[in-house]
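Written out below as C-alpha cells is the structure these notes cover.
The values are calculated or read from the model by the stated rules, or taken from the named source; none is laboratory data. Just so it is clear, the structure is predicted and the values come from calculations on it, not from any experiment. We place every Cβ from the backbone using ideal geometry, glycine too, and count neighbours over all the protein chains shown.
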Amino acid sequence: MEESFNIQATHDILNYGVPWANATSAIADKFDHATFPGSVPRTFAGALVLAGATTPFASSLHSPDQVQILARAILGLANALALLSLRSAVDTAYGKIAGRWFVLFQASQFHIMFYTSRTLPNMFAFVATTVALRSLVLAKAVASKSARSQKRRRLALYLLTIAGVVFRSEIAILLAMETLVLL
C-alpha cells in the first residue's frame, strides 16, 4: 500500500508538476495518489524529492515504465551511496578490515538489496538515517571535542529529526537515545 502510494505520487508529480494555484482542486482532479490515499494518511515529501531528482532524465525516456525504473534506480542509488558513505566512516573509525566485514555483511542481507529501490517511506528514511549514522560514527571516532565533530552530531540530529517527523515516527526512539548519549 505505501509503495504504490509513493510511486503513484512520483508519477503524478512528474506528469502534472506541483500545483501552485488552486492546489486543492488541481490535486483532486489530477492526482491519483490523493484520490486513493490508502487507509493511513501519508506524506508525499519523499515522492516529491524523488520526482525532482528524476525530472532532468525523464524527458529522454519514452514510456511510463522506463520513468518508473529510472525513479527506482535513483532511489536505489541514493541508498547505495548512503551505505558506501557509512562504510567509509566504518573504515575511518574501526579500520579497513571492519569496513570489509561491513560490506560483506550488507551484501549478504537479502532485505537490503531487495528494498533499496522500493518507494517505501522506510527507504526514503533509510537514506537520511544512514547518513546520520555515518556522521555519528565519525563524530565519535575523530576528536570528539572538535568543532567538526559537533557539526557532525548536529547534522545527525537534524537528519534523524527530519526522517522521524516526515517518514517514520519510530525514529524518534533512536533520536531520543542518541540525544541522551550526547548529553
> Is it the case that some residue within the stretch 116-131 is out of contact with any helix residue (DSSP H, G or I) (no Cβ under 8 Å at 6 or more places or on another chain), modelled with pLDDT under 95 and either hydroxyl-bearing (Ser, Thr, Tyr) or not in a helix (DSSP H, G or I) (or both)?
Replying inline: no
>> So, in the stretch 1-32, exactly how many residues are more than 16 Å from Ala51 (Cβ to Cβ), of a type in the set (A, V, I, L, M) and either outside any helix (DSSP H, G or I) or touching a residue at least 24 places away in the same chain (Cβ under 8 Å) (or both)?
In response: 2
> Before we move on, is Asp91 among the acidic types (Asp, Glu) and either within 22 Å of Arg153 (Cα to Cα) or surrounded by 16 or more Cβ atoms within 10 Å (Cβ to Cβ) (or both)?
Replying inline: yes
> Which of the following residues is crowded, with 16+ Cβ neighbours inside 10 Å, under 21 Å from Val142 (Cα atoms) and in contact with a Leu (Cβ under 9 Å, 6 or more places away or on another chain): Phe124, Phe102?
Replying inline: Phe102
> In this structure, does Ser88 turn out to be in a helix (DSSP H, G or I), modelled with pLDDT of 90 or more and touching a Lys or Arg at 6+ places or on another chain (Cβ under 6 Å)?
Replying inline: no
> Given the conditions (1) part of a loop (DSSP other than H, G, I, E, B); (2) among the aliphatic types (A, V, I, L, M); (3) modelled with pLDDT of 90 or more, and given that Leu159 satisfies all but one, which numbered condition is not satisfied?
Replying inline: (1)
